[in-house]
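Novice: One structure, pasted below without further comment.
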Amino acid sequence: MSYDDRSTMIVLQLSYYYACTGTVREPGGLSRRGVRATEGKRSMREMTATVVGGGIAGLAAAVSLARAGWSTTVLERSAGFGELGAGVALPRNGITALRSLGLDDDTIATLGHESLVTGFRNLRGRWILRIPNERPEVSRVMAVWGMHRARLHTALRAAAEAAGVRMICGARVSEVHPGTPGGKAAVVAWRTDDDEHRIECDLLVGADGMRSAVREQVFPGIEPAYSGSTSWRAVIPDTASDGNLIELWGPGAEFGAMRLSDSEIYWYGYFRHPRGATFADELAAARSRFAGWAPQAVDLVEATSASQLMRHDVYHLPGGLPSYVRGRVVMIGDAAHAALPTMGQGAATALEDGATVGRMIGGHLADGADLAAAMAAFDAERRPRCHAIARQATVMARYGADLGGGWRQPVRNALLRLVPGAAVARSAAPLVAWRPPATGS
Ligand SMILES: Cc1cc2nc3c(=O)[nH]c(=O)nc-3n(C[C@H](O)[C@H](O)[C@H](O)COP(=O)(O)OP(=O)(O)OC[C@H]3O[C@@H](n4cnc5c(N)ncnc54)[C@H](O)[C@@H]3O)c2cc1C
């Protein structure tokens, strides 16, 4: 069956897409009966963790391990723990993860702006699927916080510092030995400008993102794949636009925007494009690519300057890792399960991973548990959920931003107009209702 022939089936399946959210598991936890006391003979004072990567996942893991009593070091390759000046959409599960890392609501409120997912529109701005979010049970599920990545990163760094995490920047990790739970320690080697360093640790967290050096060494041969799409993104000054999230679907492209603060809007334009292909004038190309779309999109691109615009080709890790643990290494965030951005769950699941490392591994060992059992429990907890979310992001891309032109667009749109928006919210509820596992569960 050709791609074209499959499209009708695909579009029909799309109507039931949200039913898939039932495959996302609610957190459970390892039975205490399954935990042996071996590693825990060592005093908690001696338990050491090295986190490779000081991004969202790495800082979250460092905070949670340090709060569980571990002596924790973060190795970050960039000179100053910097972050891109783009926005990120954090759904409710991401906010729950931030709270579980000790960030209070006042701090979280300073990081971003709460918006509501209102549904999807076609490129001219006509509703394809409208989600009636006036009812509290719907708005609870459809709430999304637009955050500036730099502010989120700064808050996580402050939480790490407050928890006593040692942070080393300009440290490019080049070699990893995973060690054995109950046996050899893990070893990590890194280079700074002028020197080479090595450290032994009880736990090594691979949080070094899409092009993970830890993954390359511990799971050789598993490489990111180009998604076929690239994305322009910008944060621009704005005080006038409606605060609700905008999502427009056109042939082979998606345009989205959301408020980050009273004075900033973040927009992205995601579109099919050959890998690595550049434009002589990126801003002119963005204006031309989204010309004729709904006025909200055109106005935002028009209001953007060349220096505010960035573009990145979008990669993902199809299928994710076959296990998130090996030896004394635990893999988290994009290094373990980089998904397409179409579900807006990359940062949220990175935060969930980080919070769960401290609770299920750090917390278990605080109770005298065996490291291998705690790591296996972490894998069983996280992998099915992250795998399901990444799969849904692929489905979402295929029927949304990646769907080609011609008859596919009106057919997809007509079918989606039959889907009740309230049902979408109901079926999305398990995904955002994530709760951190109890420490030592
Ligand atoms: C276009 C686009 C839009 C997106 N939009 C959203 C969105 O709206 N909502 C959302 O939730 N997610 C979104 N995401 C995904 C989200 O950004 C990622 O999932 C998230 O940043 C992953 O965090 P991480 O900490 O795992 O990886 P990263 O943020 O990549 O952090 C990895 C860190 O490791 C460091 N590092 C790398 N190699 C080494 C090494 N060898 N030694 C030491 N340090 C190293 C890096 O410098 C970096 O600081 C988007 C992604 C893309 C591409």
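Only the coordinates and a few stated rules stand behind these numbers; no lab work does. Keep in mind that what you see is a predicted model, and the values were worked out from it rather than measured. All Cβ positions, glycine included, derive from the backbone under ideal geometry; neighbour counts span all protein chains shown.
Novice: Which of the listed residues, Ala336, Val138, Ala291, is farthest toward the dipole's positive end in the chain, when Lys, Arg count +1 and Asp, Glu count -1 at the beta-carbon?
Specialist: Comparing the listed Cα positions along the dipole, Val138 ranks first.
Novice: Could you tell me which of rounded, prolate or oblate describes region 53-109, using a ≥ b ≥ c as the square roots of the eigenvalues of the alpha-carbon gyration tensor, with rounded for a/c under 1.5 and, failing that, prolate when a/b is larger than b/c and oblate otherwise?
Specialist: Oblate is the answer for region 53-109, as a/c is 1.5 or above yet b/c matches or exceeds a/b.
Novice: If I model a spin label as a point 7 Å beyond the Cα along the Cα-Cβ vector, how far apart are those points for Glu200 and Arg272 in nm?
Specialist: 5.5
Novice: Quick check: net charge around Gly252, other residues with Cβ under 13 Å of its Cβ, Lys/Arg +1 and Asp/Glu -1?
Specialist: Here the charged neighbours net out to +3.
Novice: Just for the chain, what percent of DSSP beta bridges are antiparallel, to the closest 5?
Specialist: 75
Novice: Taking the Cβ of each residue in Thr107, Thr342, Thr278, Thr230 as the centre, tally the other Cβ atoms inside 10 Å and list the residues starting with the fewest.
Specialist: Ordered by Cβ neighbours within 10 Å, fewest first: Thr278, Thr107, Thr230, Thr342.
Novice: Would you work out the charge dipole size for the chain about its Cα centre, treating the Cβ of every Lys and Arg as +1 and the Cβ of every Asp and Glu as -1, and quote it to the nearest 20 debye?
Specialist: The dipole of the chain has a size of about 1220 debye.
Novice: A further question follows. Please list 3J(HN,Hα) in residue order for region 350-365, calculated via the Karplus relation 6.51 cos²θ - 1.76 cosθ + 1.60 where θ = phi - 60°; whole Hz, with x for glycine and proline.
Specialist: 5, 5, 4, 3, x, 5, 6, 4, x, 6, 8, 9, x, x, 4, 5
Novice: May I pose another question? If you keep only loop residues by DSSP, which trypsin sites (Lys or Arg not before Pro) in region 106-158 have at most 14 other Cβ atoms within 10 Å of their Cβ?
Specialist: Arg124, Arg126
Novice: OK, next. Taking the dipole about the Cα centre of the chain, with the C-beta of Lys and Arg at +1 and of Asp and Glu at -1, give me whichever of Met360, Gly164, Leu98 is farthest to the positive side.
Specialist: Farthest towards the positive end: Met360.
Novice: Same structure, new question: Apply the Karplus curve 6.51 cos²θ - 1.76 cosθ + 1.60, θ = phi - 60°, to the phi angles in region 242-258 and return the couplings in whole Hz, x for Gly and Pro.
Specialist: Once rounded to whole Hz, the list reads 4, x, 6, 5, 10, 9, 10, 10, x, x, x, 7, 9, 10, x, 8, 8.
Novice: Okay, moving on. Once the other residues with Cβ under 9 Å from the Cβ of Val187 are scored (Lys, Arg +1; Asp, Glu -1), what is the net sum?
Specialist: Net local charge, Val187 excluded: 0.
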